[in-house]
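Participant: What follows is a structure written as structure tokens; I'll ask about it next.
What follows draws every value from the coordinates through simple rules; no lab data is involved. This structure is a prediction, so every number in the text was calculated from the model and none was measured. FYI the Cβ positions are ideal-geometry reconstructions off the backbone, even for glycines, and counts take in every protein chain you see.
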Amino acid sequence: MTPLLQVKGVTKRYGARLGCGDVSFDLWPGEVMGIVGESGSGKSTLLSCLAGHLSPDAGEVIFDTRAEGPRDVLTMSEPARRMLGRTDWAFVHQNPRDGLRMGVSAGANVGERLMAVGARHYGQIREQAVDWLGRVEIAADRVDDRPRAFSGGMQQRLQIARNLVTGPRLVFMDEPTGGLDVSVQARLLDLLRGLVREMGLSAIIVTHDLAVVRLLADRLMVMKGGHVVETGLTDQVLDDPQHGYTQLLVSSVLQV
Amino acid sequence: MIELSDVSKSFVLHNQGDAVIPVMAGAALSVAPGECVALVGNSGAGKSTLMRMIYGNYLAGGGAIRVGDVDVARAEPREILRMRREVLGYVSQFLRVVPRVPTLDVVAEPVLAAGGSHAEAEARARDLLARLNVPERLWTLSPTTFSGGEQQRVNIARGFAHLFPAMLLDEPTASLDATNRAVVLALIAEAKARGAAIVGIFHDAEARAQVCDREVDVSGFAPAQAA
Amino acid sequence: MTETAYNFAYLDEQTKRMIRRAILKGVAIPGYQVPFASREMPMPYGWGTGGVQVTAACLTPADTLKVIDQGADDTTNAVSIRKFFQRTAQVAVTEHTEEASLIQTRHRIPETPLAEGQILVYQVPIPEPLRFLEPRETETRKMHALEEYGLMHVKLYEDIAHNGEISTAYAYPVQVEGRYVMDPSPIPKFDNPRLESAAVQLFGAGREQRIYAIPPYTQVVSLDFEDYPFEASKADHPCDLCGCATSYLDEVIVDDAGGRMFVCSDTDFCSTRRAEGHRGRLSGEDLAEELA
């Protein structure tokens with residue numbers, strides 16, 4: 001078995017300031033990895049570098065493509081990378097407005113990725129859209145409503161449906177539960193867990209919420225000042241943290 | 001099935017003057033298939049720490065922890081995860097679940113995770129919840145709102161759902177009434193009978209005597225105290 | 001100021017060369033929007049400044065010019081542009097499609113099939129077909145470059161979802177020679193099949209500073225879904241003046257009681273047919289005289 005994603009020495013600088021430095025890890029099929037750290041720790045920069053939204057100054061991001069096996073996405077042509085972004089990859093933004101087209105219906109939002117890869121049968125596109133709305137617990141009769149008319153939690157679920165409809169293998173999530181209230185978060189997390197298992201997805205989740213990673217992530221990477229300070233099994237890192245910063249992070253969480 | 005040799009552990013508190021607290025040294029343990037070993041020792045002797053190290057929840061400081069073909073002290077996270085899915089079950093004292101997930105799904109999940117079918121998982125979950133006397137009207141509700149005893153029984157049902165070849169049991173009979181305690185002891189006996197290697201912590205001496213083949217005193221693994 | 005004070009066709013020679021280079025590039029890459037340095041023209045944006053600049057760059061003294069607006073030769077826009085070139089280029093003008101060597105049009109393709117050697121110049125308000133769904137020009141350019149056209153179908157999907165059919169009736173998007181998706185300017189979708197033509201078709205957007213082109217005999221496909229195929233629809237009537245059952249029609253309200261008639265939008269086509277003796281429902285000779 002080959003890793004789905006091999007990250008080697010990814011470094012990104014903003015002038016003199018370090019975004020993220022020399023980050024390396026392997027992500028295996030079906031694995032969910034959490035990246036935690038405080039604001040400015042470099043976790044979002046790293047995610048952007050991995051997802052192709054930023055080009056790192058150094059390093060390799062090798063993805064096991066369906067057609068050609070492991071390839072460095074950073075040296076891929078832009079069309080190939082964007083195609084990957086529409087098919088095998090998905091990106092769930094913290095703010096659903098960044099990931100949705102607010103001006104078109106829920107059905108069109110879900111259908112867009114299908115049409116982008118060549119679907120040209122309206123009835124089938126719509127059928128799949130309705131099916132996916134159901135899977136993210138949005139009623140079928142909302143298919144023609146625009147996301148503007150949806151609550152925050154519904155918008156986030158719609159964004160997930162829109163991303164997963166093409167059956168991606170790797171999902172990047174940036175604070176997926178960030179803007180939601182606690183009860184809605186729980187529902188979303190439950191949904192994500194189910195989808196991850198059913199679809200055999202691999203995922204990289206950036207968050208500062210340790211409760212989120214405990215529920216969703218198999219593995220954890222802790223970042224500080226642009227560097228990875230600790231990695232390991234999620235529950236091991238949280239229950240037996242080895243690095244001083246992780247110990248501080250874990251002990252800083254308010255208990256309820 | 002479970003082999004520990006020369007296992008050590010110390011905690012380093014980086015935010016408290018880098019204090020180093022050695023908690024275990026030279027721990028050794030061997031559990032064969034079909035055998036149940038009880039960890040005993042005073043409170044604080046390290047029974048839970050040892051159990052957590054076997055599960056990979058605490059990082060072993062040194063030595064080897066073999067569960068099946070995996071050395072937990074050295075394995076990659078994904079190897080430990082596979083071990084937890086397929087080989088080593090863990091019944092902790094507390095139920096930790098995603099809010100909103102129905103009890104039936106909570107119990108069925110380990111079977112699905114190990115590759116079982118939905119039908120198989122649900123049948124197993126129903127059977128265990130019924131045996132542990134969790135009222136059927138609660139099965140579609142999330143266990144987060146249940147009483148302590150009910151949560152503990154859901155936790156046990158979840159732990160025994162998949163037929164693990166090795167199991168860790170942390171106080172499985174605590175806070176159970178006599179009827180349910182008997183059910184749990186029967187479940188343990190059945191697991192042994194099908195060849196599971198079991199390590200457990202039982203404060204309940206009677207239960208310990210009933211299901212455990214031998215006892216290992218964890219106090220013997222205390223690190224030599226520096227003068 | 002006397003007419004001779006203007007350079008031929010108003011624009012200076014350097015500007016016309018610059019526009020011709022853009023046109024040639026457009027012809028070489030069918031459907032691709034070529035940027036050009038659009039000039040201020042002595043008419044407001046929205047009155048066809050893009051088309052006028054393309055026409056100015058193409059005209060020669062030997063040309064015969066026809067200008068139509070929504071198919072008609074006699075509306076304000078058509079008349080003023082025709083007068084403009086009569087005055088600045090002293091070219092011959094005509095209302096007959098067959099006689100014209102260059103036709104500038106707003107929102108229609110003439111009914112009479114165009115021939116090799118003719119040039120059809122379109123006035124374009126918004127050249128970017130993807131704009132309504134993706135407002136970022138940086139992104140739409142990239143989408144054209146990489147042939148990422150799924151978004152165009154999102155618009156058609158929305159049409160069907162909300163109206164039960166593809167309700168886009170004009171400026172219906174097309175794909176040119178299997179490559180660029182193009183806005184054919186706000187012509188009715190009835191005209192789309194005639195975008196495959198023997199004539200050279202040039203599109204000018206003045207405010208947006210873009211020129212694009214369809215060379216003769218280029219494949220032009222109207223986008224659609226397998227289960228909602230493209231249909232070149234028109235009002236289901238014959239022309240009330242000339243009786244033509246196949247031409248594109250305008251609906252005209254004729255009295256305060258809601259009485260209405262349908263007439264060919266192409267005035268030259270209609271009057272030519274009537275001159276040949278064709279008659280429609282309301283073409284008593286008097287009415288025909290009055291409306292002609």
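Participant: Calculate log10 I(q)/I(0) of chain A for q = 0.08, 0.10, 0.15, 0.16 Å⁻¹, where I(q) comes from the Debye formula with a single equal point scatterer on each Cα and nothing for solvent.
Facilitator: Summing over Cα pairs of chain A leads to -0.31, -0.49, -1.09, -1.22.
Participant: Using the Karplus curve 6.51 cos²θ - 1.76 cosθ + 1.60 with θ = phi - 60°, work out ³J(HN,Hα) for each residue of region B:133-142 in order, rounded to whole Hz, and write x for Gly and Pro.
Facilitator: Going residue by residue, I get 6, 8, x, 4, 5, 8, 5, 8, 9, 6 Hz, with x marking Gly and Pro.
Participant: Then there is this: With the cut-off at 24 Å, tell me which of the pairs C:Lys155/C:Lys189; C:Lys83/C:Lys189; B:Lys9/B:Lys192; C:Lys16/C:Lys66 have Cα atoms farther apart than that. Mind showing how you got there, number by number?
Facilitator: Numbers: C:Lys155/C:Lys189 15 Å; C:Lys83/C:Lys189 29 Å; B:Lys9/B:Lys192 29 Å; C:Lys16/C:Lys66 20 Å.
Beyond 24 Å: C:Lys83/C:Lys189; B:Lys9/B:Lys192.
Participant: Kindly rank C:48-55, A:48-55 from highest to lowest mean number of other beta carbons found within 10 Å of each residue. Each step should come with its number before you reach the end.
Facilitator: On the way: C:48-55: 27.5, A:48-55: 19.0.
Packing order, densest peptide first, comes out as C:48-55, A:48-55.
Participant: A further question follows. Identify the GluC sites (Glu not before Pro) of region C:1-87 meeting these criteria: DSSP loop state and at most 16 other C-beta atoms within 10 Å of the C-beta.
Facilitator: Values: sites: C:Glu3, C:Glu13, C:Glu40; in loops: C:Glu40.
Answer by residue number: C:Glu40.
Participant: Let me ask something else. Considering all projection directions equally, how large on average is the shadow of the alpha-carbon convex hull of region C:1-119, in square nanometres?
Facilitator: On the way: hull surface 30.4 nm².
The number I arrive at for region C:1-119 is 7.6 nm².
Participant: A follow-up question, please. Just counting partner chain Cβ atoms within 10 Å, what average do the residues of peptide A:233-241 show around their Cβ?
Facilitator: Details: counts 11, 2, 8, 9, 2, 1, 4, 10, 4.
If you average over the peptide's residues, the count of other-chain Cβ atoms is 6.
Participant: Also, I was wondering about something else. By counting other Cβ atoms within 10 Å of each Cβ, how are A:Tyr14, C:Tyr172 ranked from fewest to most? The partial results should precede the final answer.
Facilitator: Details: A:Tyr14 11, C:Tyr172 24.
Ascending Cβ contact count within 10 Å gives the list A:Tyr14, C:Tyr172.
Participant: Per 5 Å bin, what is the whole-percent P(r) computed from every C-alpha pair distance within region A:124-225?
Facilitator: Binned Cα distances yield the sequence 2, 11, 24, 24, 19, 12, 5, 2, 1, 0.
Participant: Which whole number gives the average, over all residues in C:144-152, of C-beta atoms from other chains lying within 10 Å of the residue C-beta?
Facilitator: 4
Participant: Moving on to the next point. In degrees from 0 to 90, rounded to the nearest 10, what is the angle of the helix B:148-161 Cα long axis to the longest principal axis of chain B?
Facilitator: 90
Participant: Using a 10 Å cut-off around each Cβ, can you sort C:Thr97, C:Thr60, C:Thr138 from fewest to most neighbouring Cβ atoms? Please list the in-between numbers first.
Facilitator: Numbers: C:Thr97 23, C:Thr60 11, C:Thr138 8.
In order of increasing Cβ crowding within 10 Å: C:Thr138, C:Thr60, C:Thr97.
Participant: Working only with C-alpha atoms, what are the Rg and Dmax values of chain C, expressed in angstrom?
Facilitator: 19.6, 60
Participant: Of B:Ala166, B:Ala196, B:Ala174, which has the largest mean-square fluctuation in a 10 Å C-alpha GNM of chain B?
Facilitator: Answer for the Gaussian network model of chain B: B:Ala174.
Participant: How big is the C-alpha Rg of region A:187-256 next to the rule-of-thumb value 2.2 N^0.38 Å, as a ratio?
Facilitator: Values: Rg = 12.8 Å, N = 70, 2.2 N^0.38 = 11.1 Å.
For region A:187-256, the normalised Cα radius of gyration comes out at 1.16.
Participant: Here is a further query. Measure nothing but the geometry: give the 0 to 90° angle between the long axis through the Cα atoms of B:118-131 and the longest principal axis through the Cα atoms of chain B, rounded to 10°.
Facilitator: It is inclined by approximately 90 degrees.
Participant: Scanning chain A for helices, which whole DSSP H stretches are 15 Å or more long along the axis (Cα) and average 0.5 or more by Kyte-Doolittle?
Facilitator: A:182-199
Participant: I would also like to ask the following. Note down, for region C:136-292, the three equivalent ellipsoid semi-axes (square root of 5 times each alpha carbon gyration tensor eigenvalue), biggest first, whole angstrom. Walk me through the intermediate numbers first.
Facilitator: Details: eigenvalues 254, 72, 41 Å².
After diagonalising the Cα gyration tensor, the semi-axes are 36, 19, 14 Å.
Participant: Suppose R0 equals 25 Å. What FRET efficiency, 1/(1 + (r/R0)^6) with r the Cβ-Cβ distance, do C:Thr138 and A:Ala140 give to the nearest 0.05?
Facilitator: Values: r = 36 Å, r/R0 = 1.45.
After rounding to 0.05, the efficiency reads 0.10.
Participant: How many times 2.2 N^0.38 Å is the alpha carbon radius of gyration of the protein assembly as shown?
Facilitator: Working: Rg = 37.0 Å, N = 775, 2.2 N^0.38 = 27.6 Å.
Relative to the rule-of-thumb radius for its length, the protein assembly as shown sits at 1.34.
Participant: Using alpha carbon coordinates only, what is the Rg to Rh ratio of chain B, with Rh defined as the Kirkwood radius?
Facilitator: On the way: Rg = 17.9 Å, Rh = 18.3 Å.
My calculation of the ratio gives 0.98.
Participant: Something else about it: If r is the Cβ-Cβ distance from C:Thr112 to A:Arg148 and R0 is 60 Å, what FRET efficiency results, to the nearest 0.05? Display every interim value, and only then the final one.
Facilitator: Values: r = 47 Å, r/R0 = 0.79.
The pair C:Thr112/A:Arg148 has a calculated efficiency of 0.80.
Participant: Identify the GluC sites (Glu not before Pro) of region C:103-153 meeting these criteria: DSSP loop state and at most 11 other C-beta atoms within 10 Å of the C-beta.
Facilitator: Working: sites: C:Glu111, C:Glu116, C:Glu137, C:Glu139, C:Glu147, C:Glu148; in loops: C:Glu111, C:Glu116, C:Glu147, C:Glu148.
Taking region C:103-153 and a limit of 11 other Cβ atoms within 10 Å, the loop GluC sites (Glu not before Pro) found are C:Glu116.
Participant: Please order B:Met167, A:Met102, A:Met1 by the number of other Cβ within 10 Å, starting at the fewest. Present the calculation step by step, with values, prior to reporting the outcome.
Facilitator: Details: B:Met167 27, A:Met102 12, A:Met1 7.
If I rank by nearby Cβ atoms, fewest first, I get A:Met1, A:Met102, B:Met167.
Participant: Something else: With everything on Cα atoms, drop me the angle between helix B:103-113 and the longest principal axis of chain B, reported from 0 to 90° to the nearest 10.
Facilitator: Roughly 60 degrees, rounded to the nearest 10.
Participant: Right, here's the next one. For A:Glu38 and B:Asp213, what is the calculated FRET efficiency with R₀ set at 51 Å and r taken between the beta-carbons, to the nearest 0.05? Intermediate values should be presented prior to the final figure.
Facilitator: Numbers: r = 50 Å, r/R0 = 0.97.
That gives a FRET efficiency of 0.55.
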